[in-house]
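One structure below.
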Amino acid sequence: MSDNDSSLPALPWFARSGARTWRCEPVPADVRDFHRTLPGYSPTPLRELPELAEELGVGRVFVKDESSRLGLPAFKALGASWAVHRTLAERAARTGERVPVTLVTATDGNHGRAVARTARLLGQHAHVFVPRGVHPEAVAAIAGEGAEVSRVEGPYDEAVRRAAAAAERPDAVLVQDTAWPGYERIPGWIVEGYSTLCAEVDEQLAAAGAVEGPTLVAVPVGVGSLAQAVVTHYRSRSADQGPALLAVEPEVAACVLQSLAAGEPVSVATGDTTMAGLNCGTPSSIAWPYLYGGLDAAIAVSDAAGARAAADLAALGVSSGPCGAASLAGLRAALTGVGADERRTALGLETSSVVVLLSTEGTAANPHAVD
Ligand SMILES: Cc1ncc(COP(=O)(O)O)c(C=O)c1O
């Protein structure tokens, strides 16, 4: 069941009406308080870029800059820290003692490093499975956190299967940032952890005088856990109409766009992309209802578009890796070319609109060339 409003099959784009009034329950209030207790926590910057507002024909554009989050060059530590905290607390409550555990995960870079860092800080072990296509420096960074690293000669979904199998030991626990039927609690905590990013944006927009909040938020999407957090944040409020939410994926791994078009979650065969963190073929099972209900639109972009966006952000003083810059690449693609007016209308954008682009990683996270 597809209600794709676009009459342009050439552009990988999907839009649906009604998402802005869809509603869900909020996340627990204690997540932000937990992050505040972590050493090195401080809100990441929300940078206003008037040059982009002019280019895109909107009122104000802000970029949430996740190039340095809890000492790592991507947003992922927000989810890993909260999920590991909850997991270890629960194990301790069950067994009555805190025995060392191996935190196992699969990653296309950032999540694995965040789990490895969290394990190191808490005196635990980490075992991280890495699929093909992850930049060698990103792999080295995971090993540099003291984790055991296993390379998998397959795509991300295969690495997830290998990690799940390796975690089937009493002294191990799978800390995965995607869910499937039967494995949903820990991924749910990871999504809760990401909520801190959205809470910070609220405060920062208010401080910048954008008290009405955003008109549009653009989110880079892999399995959709971050997008689930964003949907939860904006769709659990009482306001009549929340912002439009736009998902951006690589053309070679557009599993959420394909799923939205199909009206049900589908897996896609993934290819090679510099947007390593977005190179995922299957939406998270717990994310799907939120993505289906709460996303206004999805678009897929090429590596070239992502590289151009990253270079442009660099020129404006924002360190943004290929995944982080996907937000800008996706919005640009939506607002240019044949059918742009139709897509602008679907996103509810006007010349006074406030846009937030989530730049989820810095160049250090995923050092593919940006030009
Ligand atoms: C930098 C970056 N941005 C965005 C994402 C997408 O997050 P999700 O897989 O939750 O959709 C990832 C996931 O690894 C990432 O590393």
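With an 8 Å Cα cut-off and a minimum separation of 6 or more residues, compute the relative contact order for segment 150-239 in percent. Before the final figure, lay out the partial values.
Values: 45 pairs, mean separation 19.8, N = 90.
In percent, rounded to a whole number, it is 22.
Compared with the dominant principal axis of the Cα atoms in the chain, helix 303-315 is inclined by about 90°.
Relative to the first principal axis of the alpha-carbon coordinates of the chain, what is the inclination of helix 322-335, with its axis defined by its Cα atoms, in degrees from 0 to 90 and to the nearest 10? The angle comes out near 20 degrees. Taking Val63, Val268, Val130 as the candidate residues, the one with maximal mean-square fluctuation in a Gaussian network model of the chain, Cα springs under 10 Å, is Val268.
Please state the relative contact order of segment 1-108 as a whole percent: Cα pairs under 8 Å, 6+ residues apart? Could the numbers behind the result be given before it?
Working: 68 pairs, mean separation 15.9, N = 108.
Relative contact order, segment 1-108: 15 percent.
For segment 112-246, what proportion of DSSP beta bridges, expressed in % and rounded to the nearest 5, is antiparallel? All intermediate terms of the calculation are to be shown ahead of the outcome.
On the way: 1 of 8 bridges.
Given both bridge residues lie in segment 112-246, the antiparallel proportion sits at roughly 10 percent.
Relative to the dominant Cα principal axis of the chain, helix 225-235 is inclined by about 60°.
Per Stokes-Einstein, at 10 °C and 1.306 mPa s, what whole-number D in µm² s⁻¹ belongs to segment 77-182, with the Kirkwood radius over Cα pairs as the hydrodynamic radius? Write down the numbers at each step before the final one.
Details: Rh = 13.6 Å.
Translational diffusion coefficient: 117 µm²/s.
Diffusion coefficient of segment 176-316 by Stokes-Einstein, Kirkwood radius over Cα pairs, 20 °C, 1.002 mPa s: 136 µm²/s.
Separation of segment 39-74 and segment 320-340, taken as the distance between their Cα centroids, equals 16 angstrom.
One Cα centroid belongs to segment 226-240, the other to segment 116-181; the line between them spans 29 Å. Note on the chain: with a GNM built from Cα contacts shorter than 10 Å, the maximum mean-square fluctuation among Val99, Val219, Val191 falls on Val99.
As a test of the definition: which semi-axes, in Å, follow for the chain when you take the square root of five times each eigenvalue of its alpha carbon gyration tensor? Largest first, please. Before the final figure, lay out the partial values.
On the way: eigenvalues 194, 91, 81 Å².
So the equivalent ellipsoid measures 31, 21, 20 Å along its semi-axes.
Rank Gly123, Gly324, Gly222 by mean-square fluctuation in a GNM of the chain with C-alpha springs under 10 angstrom and give only the top-ranked residue. Looking only at Gly123, Gly324, Gly222, the largest GNM fluctuation is found for Gly123.
Since every read-out is calculated from the coordinates, none of them should be taken as a lab result. All values reported here derive from a predicted model rather than from experimental measurement.
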